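Structure record follows, encoded as structure tokens.
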Amino acid sequence: MNGGARKKRTLRRYLVAGVLVWLPILATVWLVSFMLRIMDRTLLLLPPSYRPEALVGFSLPGLGALFALIVLLLTGLLVTNLIGRRLVVWGEELLNRIPVVRTVYSGVKSLAESVFSQSNSFRKVVMVEYPRAGAWSIGFLTAEDVPEVSDKLGEPHVAVYLSAALNATAGYLVIVPRRQVVELDMSVDEAMKMIITCGVVVPHASHTGAARVQRALPAA
């Protein structure tokens, strides 16, 4: 009996070890191939006679990523000169006259500017007491101040984005008093790993960060 149980434990250990090796590899391959397939759709911008299928007789996976990179570089080169900036301003004025389009465009543009600029948006990992007292959620500070909310409630409030577990791109926004926000020392990458893995991967806290969080926690 003991020998059979030992063999089962050994077999299970080998199985788990194999899963831990192959699961990240397969997930990475799937994600990269998925992104490449999406970027290959950019080749549809080319005339049919200039697409890889017409030129070499078969598709070339990943060529869309190169084409997308070239398009981005050329677009950046265009919009950084005077004529390009005027074209962008003219295009934005045109989009802002369309009721639904202007809302989507302005929102996406503001998000992109916040993420890719040198601001602190999505660069600070914080902890807030949510959804109830005594339960803490990890999120990302997206706005250092929300002026109208701060004026209405009489104290500074900040905006925190809370990502959903397993799917970091989904989540919700909470506006909380600044005094209730605890800043963490973990990086955005570490926080994302912790959220996506449902807390299985927990980064190690530095001594200074642990001391700061301990001081920030309310006394029992």
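The values are calculated or read from the model by the stated rules, or taken from the named source; none is laboratory data. All of these numbers come straight from a predicted model, not from anything done at the bench. Backbone-built Cβ (ideal geometry, glycine too); neighbour counts: all protein chains shown. Surface accessibility is based on the protein's heavy atoms, side chains included, excluding ligands, DNA and RNA. Shrake-Rupley method; radii C 1.70, N 1.55, O 1.52, S 1.80 Å.
Out of the total accessible area of the range 35-76 (probe 1.4 Å, heavy atoms of protein only), what percent is carbon and sulfur?
In the range 35-76, the share of accessible area belonging to carbon and sulfur is 76 percent.
Along the charge dipole of the chain, Cβ charges K/R +1 and D/E -1, which of LEU82, LEU20, SER33 sits furthest on the positive end?
Of the candidates, LEU20 comes out farthest on the positive side.
If the label point is 7 Å along Cα→Cβ of VAL101, which residues in the range 9-43 have backbone nitrogen under 13 Å from it?
So the set is empty, nothing qualifies.
Show me the ranking of peptides 31-40, 60-69, 78-87 by mean Cβ neighbours inside 10 Å, starting with the highest. The partial results should precede the final answer.
Values: 31-40: 13.1, 60-69: 15.5, 78-87: 11.2.
Final packing ranking: 60-69, 31-40, 78-87.
Tell me, what is the per residue accessible area of the chain in Å², probe radius 1.4 Å?
75
Can you tell me the dipole magnitude for the chain around its Cα centre, using point charges on the Cβ only (Lys, Arg +1; Asp, Glu -1), in Debye to the nearest 20?
Using Cβ point charges on Lys, Arg, Asp and Glu, the chain gives about 1080 debye.
Less than 13 Å Cβ to Cβ from GLY91, Lys/Arg counted +1 and Asp/Glu -1: what total charge do the surrounding residues give? Walk me through the numbers before you get to the answer.
Numbers: positive: ARG85, ARG86, ARG97, ARG102, LYS109; negative: GLU92, GLU93.
Here the charged neighbours net out to +3.
Among all the lysines, which ones have a C-alpha under 23 Å from LYS109's C-alpha, if same-chain residues fewer than 8 places away are not counted?
LYS124
Using the crude model of +1 on Lys and Arg Cβ and -1 on Asp and Glu Cβ, and no other charge, please compute the dipole size for the range 20-107 relative to its Cα centre, in debye to 20.
180
What percentage of the solvent-accessible surface of the range 131-177, computed with a 1.4 Å probe over protein heavy atoms, is contributed by carbon and sulfur atoms?
Numbers: 1540 of 2610 Å².
Exposed carbon and sulfur together represent 59 percent of the surface.
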